[in-house]
Each structure stands twice: as C-alpha cells, then as structure tokens.
Amino acid sequence: MARRALKLASLAAATSGIYLYGNKFLDPNDFGVVRVGRAIATTAVITYDYLTSLRSVPYGSEEYDFLKSQVHLRSAERLRELCCANRGTFIKVGQHLGALDYLLPEEYTRTLKVLHSQAPQSTRQEIEQVIREDLGKEIEELFVSFEDTPLGAASLAQVHKAVLQDGRTVAVKIQHPKVQAQSSKDILLMEVLLLIVKQIFPDFEFMWLVEEAKKNLPLELNFLNEGRNAEKVARMLKNFDFLKVPRIYWELSTRRVLLMEFMEGGQVNDRAYMERNGINVNEISRNLGKLYSEMIFVNGFVHCDPHPGNVLVKKCPASGKAHIILLDHGLYQVLSESFRMDYCRLWQSLIKADMKRVQKYSRRLGAGDLYPLFACMLTARSWESVNRGIDRSPVSASEDVEIRSNAAAYLPQITQLLNNVPRQMLLLLKTNDLLRGIESALHTRASASSFLNMSRCCIRAVSTYQRSKSHSLYRRAQISLTEALSLWQINLYELFLWLKGSRLGNWVIALLSRMHHST
C-alpha cells in the first residue's frame, strides 16, 4: 500500500501537469514547479505516514489511539508548513480547517489555528503597485499619511491605516498581488491531490472543502462584493444600536482595494481587555448571540468569518455603551427559505429536547441515519446532553474533552456527513465553531440567555414564514397571537431566571421558604 501511495502521488504530479498544460485557460508557467512539487511531496509524506505507522498495531487498542494522535499531529504540522510556504489559497483553506474545532481531530485544529496569525505580508512596493494599477495614483497623492506596518494581514489581503487629503482616517484593505492569479490553479491542484488520496483512503471525504473554495474564493477576491455585503448587513441589522459596521468609501474602492471608515477596539475574545475598559462580558456575549441569531434564523444572510480579529469591541466614551464592530464582510452565506425553516425547526427541537423532531429535521437536512452525530456536531454537546436538553446544564470540562475525542474517533462519519448535508450547512458549522470558541474564551458558553435569544428568532422566523403562506386573515391573526404568546412565555421565563440569579430573587425565595416552613 505504501508503494502504491507513492506511485499514485507520482502519477498525480504527471497527470496534473499534463492537465494544466493542455488547459488553455491555465498557464503552467505561472503555476510554479516549486509550489506544485511542495504540495505533492507533502501529500505523499502524510499519506505514507498514515499507511505505515498504524499498519501493525491492533485497531482500537490504547497503542493504536496514541500512535494515531501522533500521526495526526505530524500531519497537521506538515500541512501547516505547506500552507505557510504556498500562502494565499492554501492559508485560507488551512484557516477554514483550523476553525472546525468540534468536527476535526484536536491535533489538526490546534495546529492550524496559528495560520490566523501567520498570514503573509506584501511589501511596500507590492502595495504601491496594486494601488497604482487600480486607482491610477501614487500613495502620496491619495493620502496625507500611510502606515507601512499593516494593522493586520490575512491570507488574501492586508489592512493599513491611512489619512486622506481631506483629513478622514481610513482603513485601506489591499489584496496581495499574486493571489488572484494563483487561486484557481491552487484549487485545481488541491482537487487533483484530494481525488488521489480518496483512491487510497475511500473513507476520506474532503471534496466538500474544494467545492466550497471554488464557490467562495472568487467572491472573497472581489472587494466590491465585500463592500456591498457590509452595507447590506448594516441596513439589515440597523435596529441593533450596539452594532457598528465601517462605512465604505466607494470613490476609492475597486476589486482589489477597499477603503472604509477606520474603527478600532479590542478583540471579542479578550476578556482582560473588556475588564480593563469596564465592558460587561456577558452583555457582549449576549449581543453577539443576538446578531447571529438574527442573521441566521430571521434574515438568512450570515457573516461566516467571525474569528476574533474580525469582531472587535469598544466602549463609547460619550454614551458608555459597549459596541460590537463587525469587520471583513467578504464571506457570507445566503440561506434558502426552505433550508432556513428546517434549520429553525431543528434548533427549536434541540432546545426542547424533542427527539422525534430532531430526527425528522436532521434527516431533512441530509443527516440520514447519522442524525445523532449531526445533533452533536451542531450543538457541540454529548448525545446524553442533547437528550436531556442542551439548555439544562452548562458544558463541563469532561464533556468538552469527550466531544473533542469523538471528533477523532468518528472522523469518517463526520466527513461523510459534511459531504451529504446541503452546502449551505458547511459555512454555518464553521461559524458555529468560531462563535463557540469566543464563548469559551469569555466563559459564557451554553448560557440560558443564548438559547432564549435563539428561540425568539426561531419563533419570529417561522411565524413570518407561516403568515406569508396563509391567505386567510383569520389564520394570519391566529399565527400572530400564537407568536405573541410564545414570545411572552420566553420573556416570563427570562424574568424568572433573572430573579433566580439576583439578590432580590434569592431574598424572595428565602422569605417564601421560611413562610412555608412556619406554616
């Protein structure tokens, strides 16, 4: 098998080279033999390691699990080195994998998470070239000042602070100059290599990753699309006064350069920053949950890259209110109405621990007989907790370890599920895991308020959908009354929880208890 793996890797190099050479849309000279060779060599070494390291060890034994963990770690480190060396699309895909905390083995997610802070930086000369080509002017003509050191660098672009001639302070997002040309070829290379690996490991189901990259990368590389997304989400969530989205300056924006209002703050997972600045951590976590529940369940237009560098918090000096600043609007998922309704009803069933409906809506979303695993993936809770009710108790340390261990143990089933569910689900799963990571850092995970906010949004979304499908005035009034009663019940329960956790509530409970004992 090991020899076969190496032969197939060599065959991949030859066939991908022939394919690229024969494809009139791709120039093999732009591809770079070093980039291709590095990717093929890394894939071959990882494949060989999995084939040989576990071959003579009894499956399921302690030694097998230990060795498998070591192979996972070595492979993740090789993959990280490949991403850092090939940059661009490779880093973007690696970051996506690193965000799947409860879906992939911990060795991979922990190792690949560092790619968020190890993205490449373009040189001053490269930045000047992009601005000159896209805006037709030199940096000095456009800006009074332009900071050479970027505020942040990502896989596809980097952001600089600058001051315009009229005195406005702006953030300038500039695309790395080589990313556009390399992205389609990188995706093609990944596709060829993943197909070869699947021939060796039939349970290896990661083609969904390539399909997602094919669909999303062209959108992310068009900064005009990002600007339109930013304006759309700002309009959509204008009722949330705590949300701030940078204004776009269209007169100086192109497909590769985006000028926007400069905003700053601490990262949303920085609990120490919030405590230093008098920001209520629970309020931030609650408001972030409100934002995403509204986007997912009510609007079906979801910002899908909420890693801490893209979500900032800042206390407004004038009002004293804490603001959430949402950045990087390149990656959004638009949910179809039918998908959104099934997803709403699935979450309602999960919160109520209604297992029959959990099974029904999981199957409708493509989970099939793997619906228990699907429920655990969505909630990042054990099956026991799902059956008991995910709002009944917080996540314990032992349960968190169990879920992460299961990600490794059930990897074939998880990848099968990811291949079967609607494509809309993939970015939602990534978004869920990123949001859970923030909640874990703030110690607010699985709080009752987050489930109450989700319930409110699900009720509103389903009721709006039902009213839109009803032609009877009486039926629409009935739906509205049911909606109002359900929301009132949630408000009443929330008041009960507040009283239970407050000093006044404890005093009232103690007084009632004494009165009961005295009688």
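The values are calculated or read from the model by the stated rules, or taken from the named source; none is laboratory data. Nothing here was measured: the structure is a model prediction, and the numbers come from that model. Using ideal geometry, Cβ is built from the backbone for each residue, glycine included, and neighbour counts are taken over all protein chains shown. Surface areas here come from the heavy atoms of the whole protein model, side chains and all, with no ligands, DNA or RNA. Shrake-Rupley method; radii C 1.70, N 1.55, O 1.52, S 1.80 Å.
Points worth noting:
- Enumeration of residues in region 29-72 that are under 24 Å from Ala407 (Cα atoms), acidic (Asp, Glu) and either touching a helix residue (DSSP H, G or I) at 6+ places or on another chain (Cβ under 6 Å) or in contact (Cβ under 8 Å) with a residue 12 or more places away in the chain (or both): Asp49
- Reported count of residues in region 213-255, each being within 21 Å of Ile131 (Cβ to Cβ) and among the charged types (D, E, K, R), is 5.
Table: residues versus (1) of a type in the set (D, E, K, R); (2) under 26 Å from Gly227 (Cβ atoms); (3) at pLDDT below 90.
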residue: His303; (1), (2), (3): no, yes, no
residue: Lys314; (1), (2), (3): yes, yes, no
residue: Asp328; (1), (2), (3): yes, yes, no
residue: Met355; (1), (2), (3): no, no, no
residue: Gln359; (1), (2), (3): no, no, no
residue: Leu365; (1), (2), (3): no, no, no
residue: Ser385; (1), (2), (3): no, no, yes
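- Only one of the numbered conditions (1) among the polar types (S, T, N, Q); (2) surrounded by 14 or more Cβ atoms within 10 Å (Cβ to Cβ); (3) at pLDDT 75 or above is violated by Asn491, and that is (2).
- Members of region 270-286 found to be among the aliphatic types (A, V, I, L, M) and touching a helix residue (DSSP H, G or I) at 6+ places or on another chain (Cβ under 7 Å), listed by number: Met274, Val281, Ile284
- Restricting region 422-434 to residues that are open to solvent by 30 Å² or more (accessible area, probe 1.4 Å) and in a helix (DSSP H, G or I), the residue that is farthest from His307 (Cα to Cα): Arg423
- Test result for Arg475, part of a helix (DSSP H, G or I), at pLDDT 90 or above and not β-branched (Val, Ile, Thr): yes
- Checked against the criterion of being open to solvent by 20 Å² or more (accessible area, probe 1.4 Å), assigned to a helix (DSSP H, G or I) and closer than 24 Å to Val179 by Cβ, the candidates Glu226, Glu294, Glu211 yield just one match: Glu211.
- Index of the failed condition, Val34 passing every other in (1) open to solvent by 30 Å² or more (accessible area, probe 1.4 Å); (2) farther than 22 Å from Leu209 by Cα; (3) modelled with pLDDT of 85 or more: (3)
- When we screen Ile414, Ile403, Ile459 for residues that are over 21 Å from the mean Cα position of the chain (by Cα), of a type outside the set (Gly, Ala, Ser) and open to solvent by less than 40 Å² (accessible area, probe 1.4 Å), the only hit is Ile459.
- Residue count, region 67-105 (criterion: surrounded by fewer than 19 Cβ atoms within 10 Å (Cβ to Cβ) and within 21 Å of Thr431 (Cβ to Cβ)): 0
- Candidates Asn282, Asn277, Asn299, Asn269: the one that is among the polar types (S, T, N, Q), open to solvent by 40 Å² or more (accessible area, probe 1.4 Å), under 29 Å from His160 (Cβ atoms) and touching a residue at least 60 places away in the same chain (Cβ under 8 Å) is Asn269.
- Hey, Asn387 crowded, with 17+ Cβ neighbours inside 10 Å and outside any loop (DSSP other than H, G, I, E, B) or not: no
- When Gly289 is tested against (1) open to solvent by 20 Å² or more (accessible area, probe 1.4 Å); (2) in contact with a helix residue (DSSP H, G or I) (Cβ under 7 Å, 6 or more places away or on another chain); (3) not in a helix (DSSP H, G or I), just one condition goes unmet, and that condition is (3).
- For region 391-400, a residue qualifies if it is over 21 Å from the mean Cα position of the chain (by Cα) and assigned to a loop (DSSP other than H, G, I, E, B), and the qualifying residues are Asp391, Arg392, Ser393, Pro394, Ser396.
- Arg255 passes every criterion in (1) open to solvent by 50 Å² or more (accessible area, probe 1.4 Å); (2) out of contact with any Phe, Trp or Tyr (no Cβ under 8 Å at 6 or more places or on another chain) apart from (2).
- Sole exception among (1) more than 21 Å from Ile459 (Cβ to Cβ); (2) open to solvent by 50 Å² or more (accessible area, probe 1.4 Å); (3) over 15 Å from the mean Cα position of the chain (by Cα) for Val334, by number: (3)
- Answer residue from region 462-472, given it is of a type outside the set (Gly, Ala, Ser) and part of a helix (DSSP H, G or I) and is surrounded by the most Cβ atoms within 10 Å (Cβ to Cβ) among those: Val462
- Scanning region 385-416 for residues that are farther than 23 Å from Val71 by Cβ and among the aliphatic types (A, V, I, L, M) yields Val386, Ile390, Val395, Ala397.
- Residue check for Asn216: of a type outside the set (Lys, Arg) and either open to solvent by 20 Å² or more (accessible area, probe 1.4 Å) or over 17 Å from the mean Cα position of the chain (by Cα) (or both): no
- Qualifying residue in region 409-421 (condition: assigned by the TED database to the domain that holds Leu442 and either touching a Lys or Arg at 6+ places or on another chain (Cβ under 7 Å) or within 23 Å of Ser463 (Cβ to Cβ) (or both)): no
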